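Colleague: One structure, as structure tokens, below. Some questions next.
The values are calculated or read from the model by the stated rules, or taken from the named source; none is laboratory data. All values derive from a computational prediction rather than experimental measurement. We place every Cβ from the backbone using ideal geometry, glycine too, and count neighbours over all the protein chains shown. When the accessible area is computed, the model is the full protein with side chains, heavy atoms only, and any ligands, DNA or RNA have been set aside. Shrake-Rupley method; radii C 1.70, N 1.55, O 1.52, S 1.80 Å.
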Amino acid sequence: MSQSKDAQLPHRSFAWRVFHFLGSMEFAITMLITLAIASVIGTVLQQNQPYPDYVIKFGPYWFEVFEALGLYDVYSALWFLAILTLLVVSTTVCVIRHTPSMFKDMFNLRTNVQHKSLRSMHHHAHWHQPGTLSDNTNLIRDRLASQGFRTRITEKGDERLVSAMRGGMNRLGYILTHVAIIVICVGGLMDSNLPLKIAEWQGRLEIETRNLPLSQIPKESRLAVGPQAFRGSVSIPEGRAASVAYLPMRDGYLVQNLPFTIEVKEFRIEHYPTGQPKSFESDLVIYDTDLEKPLEQTIAVNHPLIHKGYAIYQASFGDGGSELTINAWPLFAGQSEPAELETKVFETRQMLWGDREMQLEVTGFRPFNINPDPTEDDPKNVRNFGPSIQFKLRRETGEALEFENYMYPVERDGRDFLLSGVRGSPSEEFAYLYLPADEHGTVEGFIQFLHALHDDDSVAEVAAEMKDETLVSLQSEQDSVLGDSLQRTLETLMAMFVRGGFDEVRDFIEQSLPEAERETLAPAYLAMLREMLGRIYFNSLDLGAEATVSEAQLLFLQDAIDAVGTLPRYGSPVYLSLVDYNHIESTGLQIARSPGKNVVYLGCAFLIAGVFLLFYLPQRRFWAWLSRDGEQTRIDLAGMTNRNPREFDDYFEKIHSQLHSSERNSAAD
Amino acid sequence: MFLGSKHATAHYETNMSTQLSTLDSDKTSLTAWIWRLLMALSAVGLIAFYSDILDGYEVSIIILTAIGMAWLGQGWPGYRWHTVAVAVFSLIAVSIYGSELGRADTSFWLNYLLASQSAFMWMSALFVMATVTYFGGLIFHSEFTEKVASFLTWAATTMGMIGLMVRWRESYLLGADIGHIPVSNLYEVFILFAVVTALLYLFYERRYQTRSLGGFVLLVISAAVAFQLWYTFDRQAHEIEPLVPALQSYWMKIHVPANFIGYGAFAMAAMIGVAYLLVDRQTGKASVSRWVQKMPSLALMDDLMYKTIALGFAFFTLATILGALWAAEAWGGYWSWDPKETWALIVWLNYAAWLHMRMTKGWHGGPMAWWAIVGLFVTLFAFLGVNMFLSGLHSYGTL
Ligand code: HEM
């Protein structure tokens, strides 16, 4: 191929050699493989993540090295675009060099072959036939034409040559395939964010990395309405409107103005019984001064709206700032009434609970939760746990705990509990606090109990009562030293329990009791503690003298004690219970403008047509050389193909026998 | 000047008889016409029967499928029988089901043969048996054994296809809004892969009378089947799951099958590559193993490797483009450099390089066979690895 030419003509200009190098097969294959390998990088390293995540992953040194290499957004890194460009250049050179000869090959019937060369072809045959030269020539021409060949008769002195070809479009396949690569890449370039990068280098644009309200985003981060391509997203709560899209750029974003306003009238979502989303859609209204009246349309996944070349897709959904009424039940001493609080999802506010100051960040609300709830019959059973809120409590030090509280009690082992999940970081599983629900299904009963435990007077009262009973049973009512010590021990036990749960009580027993007595005293201490807890609870029930405690109340007591015992690890001074909500959803729209799309699609059409033509339309040529041999006509037939030589064996035989067949009419049909 | 490089492929033995499908005799042409008519009627019937739930795209898909099948079957009796068997047994299964999914456990025929789960078990067993039988025929030089192996492969393919059809129906029995074509998750596409690869192989087997390659190609199918079985038992993966909104599109019906013609063809090329290398190691030696004597010529295998990669490349190109069109509708952009997309590009570039190397540099034989095998691993990563190790928009088929 071209290499042999290079060898013959070594004294070409530099430009000529560069041109040939770029169009050489070696270079093309190298570029194909290089591009393939380079593409791997962006699939192994997650792209366009928040930069702090990369710092954590790689450490500050490698973070900067990788950033300089553009690895966080490989596919728009300069060096990656350079590889793509080289591939396109190589293909272009290749197409430029080969197209003329391809076209020639496509139409040229090769009427200038030599008689001799036909006989030396791999596929050839000859036979004699009666009839005149011109009759036979026409006959052969007609028969080849009836097989779909383009034919031409050339006079070679007093002999005749019939040249025939079919599948010339195979060569068009080459051109289409390779032009397609160029066209697709040009279209892709039209839709790329390269212009934005250039504007950024020139200092005309600045990527915004802060989380600002729209009105405060500076002009340098906003893009005017224009013909440029972009792909961004915006989240619009129901009943609200927007006329911008946010374009993610590396570790920040830009704001693209739209020439119209999108209002979201309603967002709807349907779920499968498993809780997975089945479909979601939004009713949109487009307000555009160019429109006679606002355009109303519903969009859904896979069914976008296209207006003025802007495509609006249903991409996601989320909370649009649902309004929540929350009761904050104190878990600390001195207060038993809840504080009511009105807030919204995504709202942040400072709270003072007891002596603790905390920032409450409401992060989410879910109107229902379909969670796995395996039963013996059905290990895949699911159950709706009802609405829940998600929030974070952040201390002054900046550390935050994340919570998930369910609105309604959830049944477990026949009893109802209010659930609150807590975790220190998103990578952990939630650990759940189970607060027993009272007969009204609220947390109030538990809080009353807890309050009584915090109340020194009622603890002292119960301790005194128990002390007296003990002294009576020991028949040493007068022993004030023993009495005081007992009273103090009981109060301390309770204080320790409320402060540090069973853990602290157990530590105390381990550390302060002499080892010899621990065996006997430890169970006694715990029994006393339980007795006290029980008495405080029953006192609060206001039972008449005769009434007995119900089974349910005993279970409640047990659960409440367990809950108090785990509270010290809960990490929040209050229990937030959702009282009421107004669910406001927001729809996540993806908005794109891609002027290069049709160019790309044209390229794709070329590519498909080209590849199938190349592979499945073999170019086949036949030549029949007719010469007079006495009364008869001698016919030399030769054929060749540019692919599938194996099939061509049979094909050649078929054509041969058809041309050969003596019945003149058989070819006509 | 481009034709020069073809000469390398041209020196094959001419005594190798290739029996091509010719429609010369009246009998075959009559059969072909009946077949075409049958396909046309099936298409019309389907469209009329389901007219109220089909949209224009789906109607076109049915018509194109019918045309494709008419074309495939016109010179290929095996495929005609296969199709008829699939249709008959699927219809039987559907009618036994009626509208009650529970019949899968109570009906003998469903329970032991036709319910999708049972059909897949039969398919798996038959594929493994076919693999062993092919190798048996190769080692003992038994034409008859090889024919049995071909038959087993046909039977396996038919059971697999029946299973897919029945599963399609079962998904609708679970709930009208759950129903979907069974090409939506890893479990389902594994079966598709086995069936498509087997059909491709059977096509070439008939065309080139190369039964001795069967064991090699079926080896990769058996591996897929083994993985599939593990997946079923370990993860309860066979359960029919409803579709996430992004997958609810007619694009899925064409994008996924086109992709799997690509994957299947690449897998077949790689296994021919393996056979090539094994035979190549022995050629020229004083005593060659018995099985090697029965293998097709190196030139034929080389040629077949090229043909399957070309076929795979063509359909993979089509599938990737269909994927881009779909992405433009579902994700808001025809190309997002999502890991699955990117790996499709990597696979595609790799085979483009392979084709150029062979076409214009005239590389042949061993190196190309090795490259085809490496290509399978790249393909495998695009098919499985991406779902297992990488995350992205395509996370429908996570393992
Ligand atoms: C992404 C880029 C490219 C793609 C997808 C592509 C695709 C193809 C395909 C599918 C074939 C047919 C192979 C066959 O028949 O087996 C082909 C052939 C060919 N390509 Fe490319 N190609 C690309 C780039 C290039 C470049 C850069 C060159 C120039 C050096 C080139 C030169 C050729 C030549 C000379 C042929 C042989 C045509 C023939 O004789 O039929 N290709 N290409």
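Colleague: Give or take rounding to whole Å, what are the principal axis extents of the alpha carbon atoms in region A:371-450, in descending order?
Modeller: If we take the Cα atoms of region A:371-450, the spans are 48, 34, 18 Å.
Colleague: Compute the long axis of helix B:339-361 from its Cα atoms, compare it with the longest principal axis of the Cα atoms of chain B, and write down the angle in degrees, 0 to 90, nearest 10.
Modeller: Compared with the principal axis, the helix lies near 30 degrees.
Colleague: Among B:K294, A:K265, what's the order by accessible area (1.4 angstrom probe), most exposed first?
Modeller: The ordering from most to least exposed comes out as A:K265, B:K294.
Colleague: Compute the relative contact order of region A:222-277 as a whole-number percentage, counting only Cα pairs closer than 8 Å that sit 6 or more residues apart in sequence.
Modeller: Once normalised by length, the contact order is 35 percent.
Colleague: With r as the distance between the Cβ atoms of B:A87 and A:M169 and R0 = 60 Å, compute the FRET efficiency 1/(1 + (r/R0)^6) and round to 0.05.
Modeller: Given R0 = 60 Å and the Cβ-Cβ separation, E is 0.95.
Colleague: What Kirkwood Rh does region A:450-570 have if only Cα atoms enter the pairwise 1/r average? Answer in Å.
Modeller: Here the Kirkwood hydrodynamic radius works out to 15.3 Å.
Colleague: Can you give the relative contact order of chain B as a percent, counting alpha carbon pairs under 8 Å and 6+ residues apart?
Modeller: 15 percent.
Colleague: Right, next: Output wanted: per-residue J couplings in Hz (rounded whole) for region B:206-215, from phi through Karplus 6.51 cos²θ - 1.76 cosθ + 1.60, θ = phi - 60°, x for Gly and Pro.
Modeller: Going residue by residue, I get 5, 5, 10, 6, 10, 4, 5, 8, x, x Hz, with x marking Gly and Pro.
Colleague: Need one value: the accessible area of A:I29 in square angstrom, 1.4 angstrom probe, rounded to the nearest 10.
Modeller: 20
Colleague: Roughly how many whole Å is it from the C-alpha centroid of region B:330-363 to that of region B:226-298?
Modeller: Rounded to whole Å, the Cα centres lie 19 Å apart.
Colleague: Report A:Y72's accessible area, 1.4 Å probe, all protein chains in place, as a number in Å² to the nearest 10.
Modeller: 10
Colleague: Provide the packing ranking of B:305-317, A:580-592, A:401-413, A:206-218, i.e. peptides ordered by the mean count of other C-beta atoms within 10 Å per residue, highest first.
Modeller: Result, highest mean Cβ count within 10 Å first: B:305-317, A:580-592, A:401-413, A:206-218.
Colleague: Report the accessible area of A:H124, computed with a 1.4 Å probe over the heavy atoms of all protein chains in place, in Å² rounded to the nearest 10.
Modeller: 90
Colleague: If you don't mind, there's one more thing I want to ask. Counting partner chain Cβ atoms within 10 Å of every residue's Cβ in A:42-48, what's the average?
Modeller: Taking all residues of A:42-48 together, the mean is 5.
Colleague: Sorted by accessible area with a 1.4 angstrom probe, largest first, how do A:F21, A:F317, B:F120 fall?
Modeller: From most accessible down to least: A:F21, A:F317, B:F120.
Colleague: Taking loop as defined by DSSP and a crowding limit of 16 other beta carbons within 10 Å, which GluC sites (Glu not before Pro) in region A:268-326 fit?
Modeller: Sites meeting the loop and neighbour criteria: A:E292.
Colleague: For region A:15-24, in order, what is each residue's ³J(HN,Hα) by Karplus, 6.51 cos²θ - 1.76 cosθ + 1.60 with θ = phi - 60°, in whole Hz (x at glycine and Pro)?
Modeller: Taking θ as phi minus 60°, the curve returns 4, 4, 6, 4, 4, 6, 5, 5, x, 7 Hz for region A:15-24.
Colleague: Between region B:136-182 and region A:106-135, what's the alpha-carbon centroid distance in Å?
Modeller: Their Cα centres are 50 Å away from one another.
Colleague: Another one. How big, in percent, is the set of alpha carbon pairs in region B:190-246 lying more than 12 Å apart?
Modeller: Tail fraction, whole percent: 70.
Colleague: How high is the relative contact order of chain A, in percent, with contacts defined as C-alpha pairs under 8 Å that are six or more residues apart?
Modeller: Computed over chain A, the figure is 21 percent.
Colleague: So, one more: Between A:L541 and A:T348, what is the FRET efficiency for a Förster distance of 41 Å, r being their Cβ-Cβ separation, to the nearest 0.05?
Modeller: Between A:L541 and A:T348 the formula returns 0.50.
Colleague: When the accessible area of chain B is split by element with a 1.4 Å probe, what percent falls to carbon and sulfur?
Modeller: 69
Colleague: Quick one: order B:I139, B:I96, A:I286 from most to least accessible surface, probe 1.4 Å.
Modeller: Sorted by accessible area, descending: B:I139, B:I96, A:I286.
Colleague: Please report Rg over Rh for region B:279-399, where both radii come from the alpha carbon positions and Rh follows the Kirkwood definition.
Modeller: In region B:279-399, Rg relative to Rh is 1.11.
Colleague: Take the Cα gyration tensor of chain A, multiply each eigenvalue by 5, square-root it, and list the three semi-axes largest first, rounded to whole angstrom.
Modeller: 87, 30, 26
Colleague: Can you give the Rg and Dmax of region B:300-342 based on its C-alpha atoms, in angstrom?
Modeller: Cα radius of gyration and Dmax of region B:300-342 are 14.2, 46 Å respectively.
Colleague: Let me ask another. Expressed as an acute angle from 0 to 90° and rounded to the nearest 10, what is the orientation of the C-alpha long axis of helix B:143-174 relative to the principal long axis of chain B?
Modeller: In chain B, helix B:143-174 runs at an angle near 20 degrees to the longest axis.
Colleague: Any idea what diffusion coefficient chain B gets from Stokes-Einstein, in µm²/s, Kirkwood Rh on alpha carbon pairs, 10 °C, 1.306 mPa s?
Modeller: 71
Colleague: Going by a ≥ b ≥ c, the root eigenvalues of the Cα gyration tensor, does region B:166-301 fall in the rounded group (a/c under 1.5), the prolate group (a/b larger than b/c) or the oblate group?
Modeller: Prolate, because a/c is 1.5 or more and a/b exceeds b/c.
Colleague: Could you tell me the center-to-center distance, by alpha carbons, between region B:48-93 and region A:160-220 in angstrom?
Modeller: Result: 39 Å between the Cα centres.
Colleague: Using only Cα atoms and rounding to the nearest 10 degrees, what angle (0 to 90) does helix B:56-73 make with the longest principal axis of chain B?
Modeller: The angle comes out at about 40 degrees.
Colleague: Compute for chains A and B the buried accessible surface, both sides summed, probe 1.4 Å, and express it in Å² to the nearest 100.
Modeller: Buried: approximately 5600 Å² between B and A.
Colleague: In region B:186-215, which residues have a backbone nitrogen under 18 Å from the label point lying 7 Å from B:R290's Cα in the Cα-to-Cβ direction?
Modeller: The answer is B:212-213, B:215.
Colleague: May I pose another question? If I take R0 = 45 Å and measure r between the Cβ atoms of A:Q202 and A:L295 in this structure, what FRET efficiency does the formula 1/(1 + (r/R0)^6) give, to the nearest 0.05?
Modeller: Taking R0 as 45 Å, the efficiency between A:Q202 and A:L295 is 0.75.
Colleague: Follow-up. With each pseudo-label sitting 7 Å past Cα toward Cβ, what's the A:I37-A:K265 distance in nm, one decimal?
Modeller: 5.7
Colleague: How many times 2.2 N^0.38 Å is the alpha carbon radius of gyration of region A:14-104?
Modeller: Rounded to two decimals, the normalised Rg is 1.48.
Colleague: Ok, one more. Just the projected area, averaged over all directions, of the convex hull on the alpha carbon atoms of region B:31-185: how many nm²?
Modeller: So the Cα hull casts an average projection of 10.7 nm².
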